[in-house]
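Q: Okay, here's the structure, questions in a sec.
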């Protein structure tokens with residue numbers, strides 16, 4: 001894919017979604033720089049392309065490979081490894097990888113720096129139970145792409161996946177500090193922003209499922225089971241309609257659990273089997289084992 005085609009693609013997607021150059025570029029680059037990329041006058045970096053496409057709700061994986069230097073390629077491989085470790089709650093290997101990243105110049109700025117900071121925040125929060133340290137890393141991370149970030153304005157921002165992960169972890173910090181109401185308000189604003197954003201339906205459904213999963217947990221803990229079920233159904237329906245399957249297994253388990261708490265048992269066994277075998281089909285053995293253990297403990301359902 002040529003640089004010119006990249007610029008033309010970004011311009012087409014931006015105009016199709018009714019997004020101004022200033023809004024898309026905010027926190028990533030100057031508007032003039034984006035204009036030059038769209039006109040094919042500037043060779044954008046891989047990181048800038050990923051950030052811009054991410055904000056437009058399009059995965060960079062949908063496009064042909066972009067020219068990378070050897071160092072940049074290796075940095076993207078490490079980034080993928082870190083995300084896999086974090087998704088499996090493998091904090092020991094994540095810590096080893098983050099130490100390696102700290103000595104590489106590729107992780108000194110931009111989206112790579114944000115990835116590193118997010119990883120460090122996860123370790124602070126879940127390995128060391130250090131909410132202040134996690135908050136410091138997250139504040140630095142979000143300001144890489146949103147320099148004037150304000151939690152109260154979350155529903156107004158144009159956010160990419162990495163931004164949402166950082167903000168989702170901010171909600172976890174609030175929860176760990178005993179302020180669940182603040183965590184829920186932040187996630188509700190995030191859901192509101194996702195619902196009204198004009199992005200690719202697949203990426204929109206994927207983002208909704210990611211944020212909804214966390215919010216549903218908190219709604220359940222507050223005893224707001226009907227609201228939790230409504231959000232489960234919305235996220236599951238959107239995910240199935242637009243083939244965004246990544247988070248559906250755990251959403252289906254949460255739906256089963258909330259139905260159980262409401263004394264509505266008819267769908268539970270079917271949902272649990274869908275959740276378990278869905279996780280296995282996606283290659284996520286960590287969540288499959290979690291579902292297997294919880295199903296037996298909570299419902300008496302033995303999965304084989």
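The values are calculated or read from the model by the stated rules, or taken from the named source; none is laboratory data. Note that this is a predicted model, so its numbers are computed, not measured. Every residue, glycine as well, gets a Cβ built from its backbone with ideal geometry; the counts of neighbours run over all protein chains shown.
Q: In region 108-143, what count of residues is obtained for those that are farther than 27 Å from residue 46 by Cα and either under 16 Å from the mean Cα position of the chain (by Cα) or not in a helix (DSSP H, G or I) (or both)?
A: 3
Q: With the condition kept exactly as written, say whether any residue in region 25-44 is in contact (Cβ under 8 Å) with a residue 40 or more places away in the chain, part of a helix (DSSP H, G or I), within 21 Å of residue 114 (Cα to Cα) and under 21 Å from the mean Cα position of the chain (by Cα).
A: So far as region 25-44 goes, no, none of its residues is in contact (Cβ under 8 Å) with a residue 40 or more places away in the chain, part of a helix (DSSP H, G or I), within 21 Å of residue 114 (Cα to Cα) and under 21 Å from the mean Cα position of the chain (by Cα).
Table: residues versus (1) over 21 Å from residue 254 (Cβ atoms); (2) surrounded by 21 or more Cβ atoms within 10 Å (Cβ to Cβ).
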site	(1), (2)
142	yes, yes
145	yes, yes
154	yes, yes
159	yes, yes
163	yes, yes
169	no, yes
182	yes, no
189	no, no
225	no, no
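Q: Any residue at all in region 121-135 that is surrounded by fewer than 22 Cβ atoms within 10 Å (Cβ to Cβ) and over 27 Å from residue 180 (Cα atoms)?
A: Scanning region 121-135, I find no residue that is surrounded by fewer than 22 Cβ atoms within 10 Å (Cβ to Cβ) and over 27 Å from residue 180 (Cα atoms), so the answer is no.
Q: Do you know which residues across region 204-250 are within 21 Å of residue 83 (Cα to Cα) and not in a helix (DSSP H, G or I)?
A: The answer is 244, 245, 246, 247.
Q: Could you identify the single residue in 239, 263 that is over 29 Å from residue 285 (Cβ atoms) and either over 14 Å from the mean Cα position of the chain (by Cα) or free of Cβ contacts under 8 Å to residues at least 12 places away in the same chain (or both)?
A: The match here is 263.
Q: Could you run through region 253-283 and say how many residues are crowded, with 17+ Cβ neighbours inside 10 Å and under 15 Å from residue 216 (Cα atoms)?
A: Total satisfying the criteria: 8.
Q: Can you tell me which of (1) assigned by TED's automatic domain parsing to the domain that holds residue 238; (2) in contact with a helix residue (DSSP H, G or I) (Cβ under 7 Å, 6 or more places away or on another chain) is the one residue 176 doesn't meet?
A: Result: residue 176 passes all but (1).
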